[in-house]
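This report concerns only the one structure given below.
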Amino acid sequence: MDRSLPQRLQAWGFSWAGLLDNRHGEWWLMAQMVLISAHLLPAFPSPAAFGLSWPPLCRVLGLSLFAAGLLLAGQGALNLGGSLSPLPEPMPGAPLVTAGAYGRCRHPLYQSLLICSLGVALARGSLLHLALLLALALVLGGKARREEVRLCAAHSDYPAYRRVTSAIVPHLIWLDWRRGPSDPEPL
């Protein structure tokens, strides 16, 4: 299964036309990547700008959350195996995965990104990074809704799975929706 990058991109559905018209959700992925990359920015405003010394315990908790998010991402990626795609478009012919990390929530990779983002915000004590976390939650919620339209079309048992399993973060309205087949379609 050793593929070159161009072959892998083609298998995922990437194309120049898709970047122009968002046919496979490329714009959601681009927004996600910009927000993730922005986490590399320094803290702004830094706690020192307010005359505060950010507690070492917050830094340790933040780094621990970041590490936990990475472990959860690894578990989710392993559970998906060859079905893994960065686009909100299921891989053609891929089986529906509902075990492992996908037994905990329907989008554990998105959940892990939010946990990592929360860890960065807590470790840095930065309002900018808190805003990046909130923006990432909005983007991932929208991306997941688009993905679920395709998953419902590809897997007849997806609506039943959706009714009983939280989306990204249990009990948070934008990040947890459980609908039946007669409910309005997500974005």
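The values are calculated or read from the model by the stated rules, or taken from the named source; none is laboratory data. This one's a predicted model, so the numbers in the text were calculated from it and none came from an experiment. A quick note on method: Cβ atoms are made from the backbone with ideal geometry, for glycine too, and the neighbour counts reach across all protein chains shown.
Tabulated data for the structure shown
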{"read-out": "Within region 6-37, tally of residues that are over 29 Å from F66 (Cα atoms) and among the small types (G, A, S)", "value": "5"}
{"read-out": "Condition met for L29 (part of a helix (DSSP H, G or I), touching a residue at least 60 places away in the same chain (Cβ under 8 Å) and not β-branched (V, I, T))", "value": "yes"}
{"read-out": "Residue check, L109 in contact (Cβ under 8 Å) with a residue 60 or more places away in the chain and closer than 21 Å to A38 by Cβ", "value": "no"}
{"read-out": "Single condition S37 does not satisfy, out of (1) surrounded by fewer than 20 Cβ atoms within 10 Å (Cβ to Cβ); (2) touching a residue at least 12 places away in the same chain (Cβ under 8 Å)", "value": "(2)"}
{"read-out": "Selection count, region 37-90, where residues are within 16 Å of the chain's Cα centre (by Cα), modelled with pLDDT of 95 or more and part of a loop (DSSP other than H, G, I, E, B)", "value": "1"}
{"read-out": "Yes/no for P56 being surrounded by fewer than 20 Cβ atoms within 10 Å (Cβ to Cβ) and in contact (Cβ under 8 Å) with a residue 12 or more places away in the chain", "value": "no"}
{"read-out": "Residue match in region 25-33 (condition: exposed (fewer than 13 other Cβ atoms within 10 Å of the Cβ), out of contact with any helix residue (DSSP H, G or I) (no Cβ under 9 Å at 6 or more places or on another chain) and modelled with pLDDT of 95 or more)", "value": "yes"}
{"read-out": "Helices (runs of 4 or more DSSP H) contained entirely in region 91-178, each with at least 1 residues that are buried (at least 21 other Cβ atoms within 10 Å of the Cβ) and under 16 Å from the mean Cα position of the chain (by Cα)", "value": "101-104, 108-124, 127-154"}
{"read-out": "Flag for S85 being crowded, with 22+ Cβ neighbours inside 10 Å, touching a Gly at 6+ places or on another chain (Cβ under 9 Å) and in contact (Cβ under 8 Å) with a residue 24 or more places away in the chain", "value": "no"}
